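So the structure is just underneath, and the comments pick up after that.
The values are calculated or read from the model by the stated rules, or taken from the named source; none is laboratory data. The model shown is predicted, which means the values in this text are computed figures rather than measured ones. Virtual Cβ from ideal backbone geometry, glycine too; neighbours counted across all protein chains shown. Just so you know, the surface numbers come from the protein's heavy atoms only, side chains and all, with ligands and any DNA or RNA stripped out. Shrake-Rupley method; radii C 1.70, N 1.55, O 1.52, S 1.80 Å.
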Amino acid sequence: MHEEVDYTFRQLSAMFVGESSGSMKPVTVLTINGGGMRGLYATYVLHTLAKRFATRREVNGLDIGKGFDLVVGTSTGAILTAGIAAGIPLERIMALYKEAGPQIFKDPVPPYDKSLKLSRRISFYHWLWRHRRRAGNSNEKLESALRDTFGELTFGELYERRGIGVCVPATSYLHHTPRIFKTPHIPDKQRDNDVLLADACLASSAAPIYLPLASIKADGLEDQIYADGGLWANNPVLIGLLEALAVSAPRQPVVILSVGTCPPPSGTLPPENLDQGVAEWRSGIRVMELAMNVQVYAACNAVLRLVDQLNRLKKRVHILRCEESIPSSKQAELLQLDSASQDALDLMKRLGNKDGHDTFRWCQAPVGEDGKLLDDIFDRMPAYEAL
């Protein structure tokens, strides 16, 4: 399934090679998946790409946000895209993950598998007992880090200052419905102008079991309660496409750069016992992981079908999915949503750097539509020293 989805993503751009777009400037969109601490991996992918293009242009750094008309991120991706939209250098966002991550996820969920030694299985039950009435970690450090990063910046102020549209998916706990916090990039969508960027990121990152629900001020009301946006939009590429269609002219092309947070290993072995209980599902954690991973690929396939129909209607859409390493099973143990050990941070750096370099190689191919489109996006970005 994973290989099939990756293949279709690579084919999306090829579907439009040779079709004339005229001189109309495309609407450009950046989307970033959810994935907890694996947001650091996505940060390294973008950082490596930006460094390669900055070196080629002989500048010190690039303001990535200015390469896009719209950025969309879920959960950890919300933090990264919000930072990019606000003009915060990626080095500072990396520092946030490295410094705040181990303090946010002080008590990661131990692995559980019947093949593990008894002592390691018992550690999971101890964790479960400790957190039987509360989340695995407090969100106080996360909230503090978000406020230090974004201050009192609101969605309305961000759009007025930078002219970049932002969408942050969350889940309304009261209504069990999707919620998307937005800048006023669509003129009649002004509801979230006064919502703090830090609050929306906190709401989008409220992963059940791992972190508490988020209570924030939204819709002019106090104490609106939200859960993680990854429960329904862990891959927000479909949201990015729909928003781009809403702001684009009828024949205006759309180009989306989609960044993942390192996929789970493929070929997972089936359980020996199909009658799985609470322990095997890790008290619901594996249920949530399964649902979020499936949602990532479901969004890929939904976008493919939608793009096919848009192509039929002569609406050009290009979706560029950054290269993603598939970690081994052993590496995957270090890439859990709440993995913040030094070994995990080092692995995310290595994988992110590699995949960033591999994505840049699109631009070194003799002929390649993906490389040309990636060139165009990064050529739009001003150098930081010119700001």
Q | Failed item, numbered, when K349 is tested on (1) surrounded by fewer than 20 Cβ atoms within 10 Å (Cβ to Cβ); (2) touching a Pro at 6+ places or on another chain (Cβ under 8 Å); (3) not acidic (D, E) | A | (2)
Q: Working carefully through the options T149, T154, find the one that is β-branched (V, I, T) and within 14 Å of I216 (Cβ to Cβ).
A: T154
Q: Starting from the stretch 322-346, keep only residues that are free of Cβ contacts under 8 Å to residues at least 12 places away in the same chain, then list their pairs with residues that are among the hydrophobic types (A, V, I, L, M, F, W, C) and surrounded by fewer than 20 Cβ atoms within 10 Å (Cβ to Cβ) whose Cβ atoms are within a distance under 6 Å, requiring at least 6 positions of separation or different chains.
A: D343/L334
Q: Residues being out of contact with any His (no Cβ under 9 Å at 6 or more places or on another chain), surrounded by fewer than 22 Cβ atoms within 10 Å (Cβ to Cβ) and at negative phi: count how many of those fall in the stretch 159-179.
A: 9
Q.
Against the definition (assigned to a strand (DSSP E or B), buried (at least 17 other Cβ atoms within 10 Å of the Cβ), in contact (Cβ under 8 Å) with a residue 40 or more places away in the chain and not aliphatic (A, V, I, L, M)), how does S283 come out, yes or no?
A. no
Q. Listed residues A344, A302; which is more than 29 Å from E91 (Cα to Cα) and either assigned to a loop (DSSP other than H, G, I, E, B) or of a type in the set (A, V, I, L, M, F, W, C) (or both)?
A. A302
**Q.** Residue that is modelled with the highest pLDDT, among those in the stretch 124-142 that are outside any loop (DSSP other than H, G, I, E, B) and open to solvent by less than 60 Å² (accessible area, probe 1.4 Å)
**A.** L142
Q. Does I186 fit the bill of being hydrophobic (A, V, I, L, M, F, W, C), more than 28 Å from D107 (Cβ to Cβ) and either modelled with pLDDT of 95 or more or open to solvent by 10 Å² or more (accessible area, probe 1.4 Å) (or both)?
A. yes
Q) Restricting attention to the stretch 320-332, which residues are open to solvent by 20 Å² or more (accessible area, probe 1.4 Å) and not hydroxyl-bearing (S, T, Y)? A) R321, E323, E324, I326, K330, Q331
**Q.** Conditions (1) more than 28 Å from Y173 (Cα to Cα); (2) touching a residue at least 24 places away in the same chain (Cβ under 8 Å); (3) of a type outside the set (F, W, Y): number failed by P271
**A.** (2)
Q) Looking at (1) in contact with a Ser or Thr (Cβ under 9 Å, 6 or more places away or on another chain); (2) open to solvent by less than 10 Å² (accessible area, probe 1.4 Å), can you tell me which one I225 breaks? A) (2)
Q) For the stretch 305-335, what are the residues that are part of a helix (DSSP H, G or I) and aliphatic (A, V, I, L, M)? A) L306, V307, L310, A332
Q | Only listed residue being under 15 Å from A200 (Cα atoms) and in contact with a strand residue (DSSP E or B) (Cβ under 6 Å, 6 or more places away or on another chain), chosen from L80, L70, L146 | A | L80
Q.
For the stretch 8-58, which positions are within 20 Å of the chain's Cα centre (by Cα), modelled with pLDDT under 50 and not hydrophobic (A, V, I, L, M, F, W, C)?
A. T8, R10
Q | Count of the stretch 235-255 residues which are outside any helix (DSSP H, G or I) and open to solvent by 10 Å² or more (accessible area, probe 1.4 Å) | A | 5
Q: Confirm whether V317 is touching a strand residue (DSSP E or B) at 6+ places or on another chain (Cβ under 9 Å), among the hydrophobic types (A, V, I, L, M, F, W, C), open to solvent by less than 20 Å² (accessible area, probe 1.4 Å) and closer than 30 Å to P253 by Cβ.
A: yes
